[in-house]
Amino acid sequence: IQADDLQLKLLIGWIRQRRGKAEDIYYAEKIFRELVPSGDYRVLLGLGEALERKGLLYREGAEGLRSGQRVTSAPDPEKRAAELEDGAQKAWHESIDCYQKALAKKTGEAQAINGLQRVYALLGDFEQSLSWSETLIDQSTQELAVWQNQLQRPELSAQEEKRLRDLRSSSEVLLVECQVQACTLLARLGKPDQALDHLDRAIALAPGRAEFHS
């Protein structure tokens, strides 16, 4: 009925990404690319994630060919694997560009920062990934304190209390994920003491997570 409705096109893009199959990711990328001229930062977030996941599909394809788990009609499987790996690198570099442009439009956007920490890790740039992890840890810690402080207000309505508790829960989940990501990155960078410090912080927030203790 309204073929150019931005909000609904965005929704279709996000739904296809959530479905997660290869054809869904490519379809979502197409939708978000068509919406880039709108200038909406959410479009850049969507395109950044589509390219991030497209890169993963390419890398999985390359690894499958090299391990013999996948076959190809290409006469030189190793050359095809190298082409797929090159495609992954290009997709991830463009993904970074999208996330950075989204941040320029909306300072502090957590989805963009989270995307940057993930994609730099995929590219093997662990120092850059760690820098974004620490940025998001600081931001999430501050947000968590804000929600906790808001919950102490007297005479909160039940609806407002639920909203604040949901926000606090989301911040806690993101903070735990970032602490674990930072731990992994520091371990790869040969800094086990700092890695353990982040793991301790994750355990303090989620003591029931057995894999953290392991």
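Pick out which of Gln159, Gln194, Gln150 has the largest mean-square fluctuation in a Gaussian network model of the chain, springs linking Cα atoms closer than 10 Å.
The residue with the greatest mean-square fluctuation here is Gln159.
What do you get when you divide the Cα radius of gyration of segment 66-214 by 2.2 N^0.38 Å, with N the number of residues?
Computed over Cα atoms of segment 66-214, the ratio equals 1.35.
Quick one: grab Rg to one decimal and Dmax as a whole number for segment 1-68, Cα atoms only, in Å.
Answer for segment 1-68, Rg first and Dmax second: 13.6, 48 Å.
Pop out the carbon and sulfur fraction of the accessible area of the chain as a percent, whole number, probe 1.4 Å.
51
Please go through the residue pairs Lys21/Lys79; Lys162/Lys191; Lys54/Lys162; Lys9/Lys101 and name each one whose alpha carbons sit more than 32 Å apart in this structure.
Among Lys21/Lys79; Lys162/Lys191; Lys54/Lys162; Lys9/Lys101, the Cα-Cα distance tops 32 Å for Lys162/Lys191; Lys54/Lys162.
Report Rg/Rh for segment 65-133, rounded to two decimals, where Rg is the Cα radius of gyration and Rh the Kirkwood radius.
Ratio of gyration radius to Kirkwood radius: 1.16.
Keeping all protein chains in place, calculate the accessible area per residue for segment 57-214 (probe 1.4 angstrom), answer in Å².
59
Determine the relative contact order of the chain: mean sequence separation of Cα pairs under 8 Å and six or more apart, normalised by residue count, in whole percent.
Normalised by residue count, the contact order of the chain is 13 percent.
Just Ser157, Ser38, Ser129 to compare: in a GNM of the chain, with alpha carbon springs under 10 Å, which one fluctuates most?
Ranking Ser157, Ser38, Ser129 by mean-square fluctuation puts Ser157 first.
Sticking to Cα atoms, compute the Rg of segment 1-132 to one decimal and its Dmax as the biggest Cα-Cα distance, whole number, in Å.
Just the Cα atoms of segment 1-132 yield Rg and Dmax of 16.0, 48 Å.
Between segment 92-132 and segment 1-75, how many Å separate their Cα centres?
17
Which of Glu23, Glu134, Glu172 moves the most in a Gaussian network model of the chain with Cα springs under 10 Å?
Most flexible of the set in this elastic network: Glu23.
How long are the three semi-axes of the equivalent ellipsoid for segment 134-183, computed from the Cα gyration tensor as the root of 5 times each eigenvalue, in whole Å, largest first?
That gives 25, 10, 6 Å for the three semi-axes.
So what is log10(I(q)/I(0)) for segment 100-179 at q = 0.14, 0.15 1/Å, when the Debye sum runs over its Cα atoms only?
-0.53, -0.59
Relative contact order (percent) for segment 1-62, with alpha-carbon contacts under 8 angstrom and 6 or more residues of separation?
31 percent.
The values are calculated or read from the model by the stated rules, or taken from the named source; none is laboratory data. Please read all numbers here as calculations on a predicted model, not as lab measurements. Accessible surface areas use protein heavy atoms only, side chains included; no ligands, DNA or RNA. Shrake-Rupley method; radii C 1.70, N 1.55, O 1.52, S 1.80 Å.
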